[in-house]
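Right, one structure below, let's go through it.
The values are calculated or read from the model by the stated rules, or taken from the named source; none is laboratory data. Keep in mind that this is a model prediction, so the values were computed, not measured. Cβ atoms come from the backbone with ideal geometry, glycine included; neighbour counts cover every protein chain shown. For the accessible areas, the whole protein counts, side chains as well, though only heavy atoms, and no ligand, DNA or RNA atoms are used. Shrake-Rupley method; radii C 1.70, N 1.55, O 1.52, S 1.80 Å.
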Amino acid sequence: MTDTVTGLLWYAGPALGAEILGRLEIPVRTAHRSPSNTPGAPLLPPALLEHAVRTGDTDGVVGVYDRSSRHGGDPDILLRLLQRDDPDVNAALFRKSTWAALRQAVLSQAPFGPEPGDKTPVPLDPELRQTILARGSRGDVQAALSAADPELAFWALVNGHGGGAHGGEYARVVAAMTLVRHGRWAQLRHVHQAAPFQLPPETPDEVVQGLSGAKSVEAVERFLRIEYGAERFCAKLQGAVRTSHGRAIVRDVLDPPWHELAARHAADPLPWGAAVALLEHSRCPRRFQAELLATHPRAVQSVARPGMEAVRVCHEQGEDQLTKQVLLRGMATGGIDARHLVTEVRPARLALTALTHGGIEAVATQAAAAAQVRRILVPLVAEHPGAWRALYAALPEFGGSISELLAAAAGIPHQPRRAGELPRPGRQGTWAYTVLISLADPEHTVQALDFLDDTHLAPIAGSRELPQAVADHVCAHGGPVSRRVLAGNPALRVDLVEALVLGGDRAIASAAYRNPRCPMPLRQYILSVDGIEDDLRAELLAETRPEHLWPLLASAEAALLRHVAQASVGEFGKWTRLRAAYRLAELHGVDALDGLPDDAEIADARGSGGLSSLDACLRECDAQWHKMIRSTSSLPYHHDAFGLHGALADPGLDWRAVIATAGRHEIGHNVLRALAQRPDFPLELGKVWLEGMLALPHNVAGRTADAALRHRPLALDALGRGSAYHFTAVTALACGSISPDEYLAAANASDVVTTAASDAPLARLVARLLHTGLGESADAWVVAARLLAESPHATLGELVATARAAA
């Protein structure tokens, strides 16, 4: 299965995805992982994960979960694999999982299948047994103390190691009883001689005497049943005040005795640490979960798979942030579906913002919920344009669900109301209103915003995942406050940042300078025209990071230039100091060099009263750098400030000479890649790259593209040329040179689905397109999956239309 088809399963959701996967008949072992942004969320699409568990595909599951959980995996997933009672699956669990209790269970050979009366031991994989005996690690030795095989138990006892995480202080006693049950008394005597038992001081005498043969071993068996029984486990948890202590206790067992724990909690409530550890377990029963949350409501953030019960507990706490956190985890883990989001989650502002937060794990639920909201919203605002005003006014205090909010807006008389009378919706309310705008058609944007004054429009301009139609409206019709907020929005496309800066407002320019998407040439322009406010100037005078000092060289202010010279330290900072000193003396006279670092070149300039020596030094550097860049094929291992690495650290690099040399194909691939990592990588060099990229190795082209595509003209050009140019959009989307809408509309369908796995805003757009175009038709989804597997030269919209028509 390709990454593209695997990615498609994220957007289908668990139920539909399972049907698609069953009909595709593609082996699951070739599936690849997708990234996860939500703690506790799966690293595989739910449908693919379920299929892997049903078929015993440990390669696709255990290795993934082994690196993503305190237990070495989701306990429910690993236990379901264990319950298959398959020797091959058990061997893989032992080798790949780090969960000690699971490894012990494999070697115990006890059956865990659905048949309660079946006591037939599960065969141990011969290769696993031989590997443990031949070269077992310390952890293998400790796990072997729980083995049902007497040879493994004897081998573990002779090694002399205690149980540690694999059974604790009495694990050696367990192994000794295995020898007794098999009549291996001679081996037990050898253990007494070679590796004597060292038991805790509180061990009962009858246990010590039973091990030595002085008394019956029945007392030892009885002691072990108590020590590893449910009562002892509950007693340990009763003292687990700290969370780490509770987690350690829960991790020691395969599946906690939930019935006994519920009874113990009802009689004497469990402490905080125990409650958190039990709530984190994915098999915690819903009723017991509710009882724990009734005692410890703040532990709701630890629930492994939150459902509506957990969300209601959060709602009772009255904390939006806590409710949002639990809501997002519930969507990511499948505890909350689209129907819950639209009709049950309260208040509506949190449910709406949940449609644009979180990672790819929740996009299927978000798309289905968005479709339901859109079916109600679009007819409402089309028939009653004044409903937008009612929605805006109701959002801050409305305590009902989304469906109740829309129903209420339909019944409110839509009277004209002055903007000054409108409430301030707050951050969550503002984001919620922006989400409603994004769910409506673009032609409704003006109706949704035209009744807002500048102060009410400003919070909307700062919303995350800002719709492009809203950004265009604010840029064209917003006042100074909303435009300033828009300029600082890190979701803004880079060309709009530039358009706002060119308006000439200092406050807007300062906000744009702080925007992480503001490119270095634009920052240099802002400083060159003295277009910043005093508070930003103070921030820049406290800056010490080299990449943030370089733009300051474009300023004419003596204070900023002096700061660059003084804050640039080390041998690689020398070239920044010299560039700053030269510009400072050139603009403000040689006397301005007083107090700067005592580099020889700066000292000569101060002593001579002229810049000839400093100018000659910098010219010589330019010539030397150009020669090195042209003649070097790979980066030297040794970082020398007077070598190629020094050229890469010089903010005054002569880009015109570099561009001319690159145009003649006289720069090595590795050097070009290193130059591309500089924040001032110029547009002209990017054009040279785009023209010659097909001649470059794929890995070099891809890494160079990451830098070149920061420029919007190049990103649009590469997007138009297609995948033949190794176009990867992750960097272009992250820096704002293209928007997710533009990429979705123009890029190859396979590239879009693959890229969306690493970009949540794009993933949400993809999910909405797929759910709108394919609906719940499994036939259409299967056709789309088969088309994607062929990597067609078509956009995702064209592919969806074809799949819908073919189905």
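Of all positions in the range 277-284, none carries a residue that is over 27 Å from L79 (Cα atoms) and either open to solvent by less than 30 Å² (accessible area, probe 1.4 Å) or in a loop (DSSP other than H, G, I, E, B) (or both). Residue count for the range 743-771 satisfying the condition of being polar (S, T, N, Q), in contact with a Leu (Cβ under 7 Å, 6 or more places away or on another chain) and within 17 Å of R786 (Cα to Cα): 1. None of E620, E684 is farther than 30 Å from P713 by Cβ, open to solvent by 30 Å² or more (accessible area, probe 1.4 Å) and not in a loop (DSSP other than H, G, I, E, B) except E620.
Note on the range 3-21: among residues that are open to solvent by 10 Å² or more (accessible area, probe 1.4 Å) and in contact with a His (Cβ under 8 Å, 6 or more places away or on another chain), the one that is nearest to D779 (Cα to Cα) is A18.
Within the range 594-614, residues that are at positive phi have Cβ atoms under 9 Å from residues that are surrounded by 14 or more Cβ atoms within 10 Å (Cβ to Cβ) and in a helix (DSSP H, G or I) in these pairs: G595/R562; G595/Q566; G609/V590, counting only partners at least 6 apart in sequence or on another chain. Considering only residues that are of a type in the set (V, I, T) and open to solvent by 10 Å² or more (accessible area, probe 1.4 Å), which ones fall in the range 296-327? Within the range 296-327, just V313 meets the criteria. Checking each residue in the range 155-173 for being among the hydrophobic types (A, V, I, L, M, F, W, C), open to solvent by less than 40 Å² (accessible area, probe 1.4 Å) and more than 42 Å from the chain's Cα centre (by Cα) picks out L157, V173. Filtering the range 181-198 to residues that are closer than 20 Å to H161 by Cβ and at pLDDT 90 or above leaves R184, Q187, L188, R189, H190, V191, H192, Q193, A194, A195, P196, F197.
Check the range 127-134 and report whether any residue there is modelled with pLDDT of 90 or more, crowded, with 16+ Cβ neighbours inside 10 Å and either farther than 20 Å from G167 by Cβ or within 30 Å of the chain's Cα centre (by Cα) (or both). No, every residue in the range 127-134 fails to be modelled with pLDDT of 90 or more, crowded, with 16+ Cβ neighbours inside 10 Å and either farther than 20 Å from G167 by Cβ or within 30 Å of the chain's Cα centre (by Cα) (or both).
Of the listed requirements (1) closer than 17 Å to K574 by Cα; (2) open to solvent by 20 Å² or more (accessible area, probe 1.4 Å), I659 misses just one: (1). Summed over the range 143-163, residues that are more than 12 Å from S108 (Cβ to Cβ) and either in contact (Cβ under 8 Å) with a residue 40 or more places away in the chain or among the hydroxyl-bearing types (S, T, Y) (or both) total 0. A count restricted to the range 219-253 and to residues that are among the aliphatic types (A, V, I, L, M), open to solvent by 30 Å² or more (accessible area, probe 1.4 Å) and under 29 Å from the mean Cα position of the chain (by Cα) stands at 1. Of everything listed in (1) part of a helix (DSSP H, G or I); (2) out of contact with any Leu (no Cβ under 7 Å at 6 or more places or on another chain); (3) under 18 Å from I249 (Cβ atoms), the single unmet condition for L79 is (2).
Residues of the range 789-807 that are touching a residue at least 12 places away in the same chain (Cβ under 8 Å), open to solvent by 60 Å² or more (accessible area, probe 1.4 Å) and not in a loop (DSSP other than H, G, I, E, B): E798, T802, R804, A806. Looking only at residues in the range 203-216 that are among the hydrophobic types (A, V, I, L, M, F, W, C) and surrounded by fewer than 17 Cβ atoms within 10 Å (Cβ to Cβ), the one that is nearest to the chain's Cα centre (by Cα) is V208. For the range 522-548, how many residues are assigned to a loop (DSSP other than H, G, I, E, B), β-branched (V, I, T) and closer than 18 Å to R483 by Cα? Counting residues in the range 522-548 that are assigned to a loop (DSSP other than H, G, I, E, B), β-branched (V, I, T) and closer than 18 Å to R483 by Cα gives 1. Considering only residues in the range 479-521 that are of a type in the set (D, E, K, R) and part of a helix (DSSP H, G or I), the one that is most open to solvent (accessible area, probe 1.4 Å) turns out to be R506. In the condition set (1) open to solvent by 60 Å² or more (accessible area, probe 1.4 Å); (2) of a type outside the set (K, R); (3) out of contact with any Ser or Thr (no Cβ under 6 Å at 6 or more places or on another chain), P269 is compliant with all but (3).
Inspection of the range 576-590 identifies at least one residue that is without any contact (Cβ under 8 Å) to a residue 24 or more places away in the chain, open to solvent by 20 Å² or more (accessible area, probe 1.4 Å) and farther than 30 Å from L714 by Cβ. For the range 741-787, a residue qualifies if it is in contact (Cβ under 8 Å) with a residue 40 or more places away in the chain, over 17 Å from A715 (Cβ atoms) and over 25 Å from the mean Cα position of the chain (by Cα), and the qualifying residues are T772, E776, A778, W781, V782, A784, A785, R786. Inspection of the range 212-224 finds a residue satisfying the criterion of being touching a residue at least 24 places away in the same chain (Cβ under 8 Å) and under 30 Å from L81 (Cα atoms). For L261, the criteria (1) surrounded by fewer than 20 Cβ atoms within 10 Å (Cβ to Cβ); (2) at pLDDT 95 or above; (3) not charged (D, E, K, R) hold in every case but one, which is (1). Of the helices (runs of 4 or more DSSP H) lying entirely inside the range 328-412, those containing at least 1 residues that are surrounded by fewer than 19 Cβ atoms within 10 Å (Cβ to Cβ) are 338-343, 363-383, 387-394, 402-411. Taking the range 732-788 as the range and being of a type in the set (K, R) and crowded, with 24+ Cβ neighbours inside 10 Å as the test, only R764 passes.
Residues that are assigned to a helix (DSSP H, G or I), of a type outside the set (D, E), over 20 Å from S108 (Cα atoms) and in contact with a helix residue (DSSP H, G or I) (Cβ under 8 Å, 6 or more places away or on another chain) within the range 221-247 comprise R232, C234, K236, L237, Q238, T243, S244, H245, G246, R247, listed in sequence order.
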